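*Asks:* Quick one: the structure is below, and I'll ask about it shortly.
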Amino acid sequence: MHIEDLRWFAVLAETEHLTEAAAALGTSQPNLSRSLQRVERAFGVALFERERRGVRLNPYGRLVLEAARAGTAAVDTAKRRIDALVDPESGTVRLAFLHSVATSLMPDLLKAFRADAPNIGFELRQEPAHDIVQDLETGEAEIAIIAPRPDPAHFGWHLLERQRLCLHVPPRHALASRHRVELEEVRDEPFVALQPGFGFQRVTDRLCQAAGFTPRFAFQATDLATIDSLVGAGLGVAILPAGAVRGNDSGAVSIPLAGVQARREIGMSWRLSTPLTPAAERFRTFVRSRAATSS
């Protein structure tokens, strides 16, 4: 039995028809039948129930299908990693990033890197900070653009930028004409924010606590653009990073928050105990040099 036999088995399990599966695989029905025989011989049992109109997985077959999918996925991952080691110019960077940098930092960063290394691809994951840390720990992501900084005992860090934080208010809000605002001035107003678990939501909680109050939430969303749109519609006020919702024509007014705490650090992070693939190492080197040039 070969790994390709398991791939063919999985396709047959999905189509439940020898002729259709053979056509999808670009092979003949006899070739597919011989491949299935090798798989069944390896496991010592029949894996399909033969029916008039095709085949159907039996309980043994369902167990093998689960293992086949996991096994072929593991082989594919190993092949990609080996390809990256052999030719770092055409590898893949597994990169995770925060929702809050999706429309600000990330597009410029990816565009600049792809101009420098056009044959390197990305597997991108956009998710909350706690999921990013978990993905770095498990190896699902090699590099992350994240805030706040994860545990320095386990993760490397390179500061990319210090984002100014702003209060977003509806267009006709009493503070809309201000050039700077103290957060405590809106302590009695409803807030629109991210759901618990998002890294930036912890920033909102921390700032409000420092200002002496606990925010009352009118709504908690899963992305910053929704927050900005709801503020523009008059649902409440919100704390957002400067420039995080550029291009979102909500009408909300962005006012810089006063105080040294009204900033957050965005950085690049990686797991210290795991060597990066050459493609990921090239990306890390590029980001570091770009950050040094722009600072």
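The values are calculated or read from the model by the stated rules, or taken from the named source; none is laboratory data. Please read all numbers here as calculations on a predicted model, not as lab measurements. Glycine also receives a Cβ, built like all others from the backbone with ideal geometry; neighbour counts cover every protein chain displayed.
*Asks:* For a quick check of your reading of the model, give me the residue pairs whose first member lies in region 204-220 and is in the same structural domain as residue 193 (by TED's automatic domain parsing), whose second is at pLDDT below 95 and of a type in the set (Ser, Thr, Tyr), with beta-carbon atoms closer than 8 Å and at least 6 apart or on different chains.
*Replies:* 215/204
*Asks:* Condition (residue is touching a Phe, Trp or Tyr at 6+ places or on another chain (Cβ under 8 Å), within 22 Å of residue 106 (Cα to Cα) and in contact (Cβ under 8 Å) with a residue 12 or more places away in the chain) applied to region 186-199: is it met by at least one residue?
*Replies:* yes
*Asks:* Considering only strands (runs of 3 or more DSSP E) fully contained in region 214-265, which possess at least 1 residues that are modelled with pLDDT of 90 or more and under 21 Å from the mean Cα position of the chain (by Cα)?
*Replies:* Details: elements: 216-221, 238-241, 253-256.
Because the criterion is at least 1 residues that are modelled with pLDDT of 90 or more and under 21 Å from the mean Cα position of the chain (by Cα), the strands (runs of 3 or more DSSP E) in region 214-265 that meet it are 216-221, 238-241.
*Asks:* Have a look at 257, 224, 235 and point out the one that is out of contact with any Leu (no Cβ under 7 Å at 6 or more places or on another chain) and either more than 30 Å from residue 169 (Cβ to Cβ) or not assigned by TED's automatic domain parsing to the domain that holds residue 105 (or both).
*Replies:* Numbers: 257 fails: out of contact with any Leu (no Cβ under 7 Å at 6 or more places or on another chain); 224 fails: out of contact with any Leu (no Cβ under 7 Å at 6 or more places or on another chain).
Criteria check complete, one pass: 235.
*Asks:* Could I ask something else about it? Return the only residue of 230, 165 being in contact (Cβ under 8 Å) with a residue 24 or more places away in the chain, crowded, with 18+ Cβ neighbours inside 10 Å, in contact with a Gly (Cβ under 8 Å, 6 or more places away or on another chain) and not small (Gly, Ala, Ser).
*Replies:* Among 230, 165, only 230 is in contact (Cβ under 8 Å) with a residue 24 or more places away in the chain, crowded, with 18+ Cβ neighbours inside 10 Å, in contact with a Gly (Cβ under 8 Å, 6 or more places away or on another chain) and not small (Gly, Ala, Ser).
*Asks:* Now for a separate question. Filter region 210-235 down to the residues that are within 12 Å of residue 190 (Cβ to Cβ) and touching a helix residue (DSSP H, G or I) at 6+ places or on another chain (Cβ under 7 Å) and list them by number.
*Replies:* Residues satisfying the conditions are 215, 219.
*Asks:* Would you check which residues across region 158-175 are among the aliphatic types (A, V, I, L, M) and under 34 Å from the mean Cα position of the chain (by Cα) and list them?
*Replies:* Hits for region 158-175 are 159, 160, 165, 167, 169.
*Asks:* Anything in region 100-111 that is buried (at least 19 other Cβ atoms within 10 Å of the Cβ) and at pLDDT below 90? List them, or say none.
*Replies:* Hits for region 100-111 are 100, 101, 104, 105.
*Asks:* Considering only region 112-150, state which residues are of a type in the set (D, E, K, R), in a loop (DSSP other than H, G, I, E, B) and at pLDDT below 95.
*Replies:* Just the residues of region 112-150 that are of a type in the set (D, E, K, R), to begin with: 114, 116, 123, 125, 127, 131, 135, 137, 140, 142, 149.
Within this subset, residues satisfying the condition of being in a loop (DSSP other than H, G, I, E, B) are 127, 140, 142, 149.
Within region 112-150, 127, 140, 149 meet the criteria.
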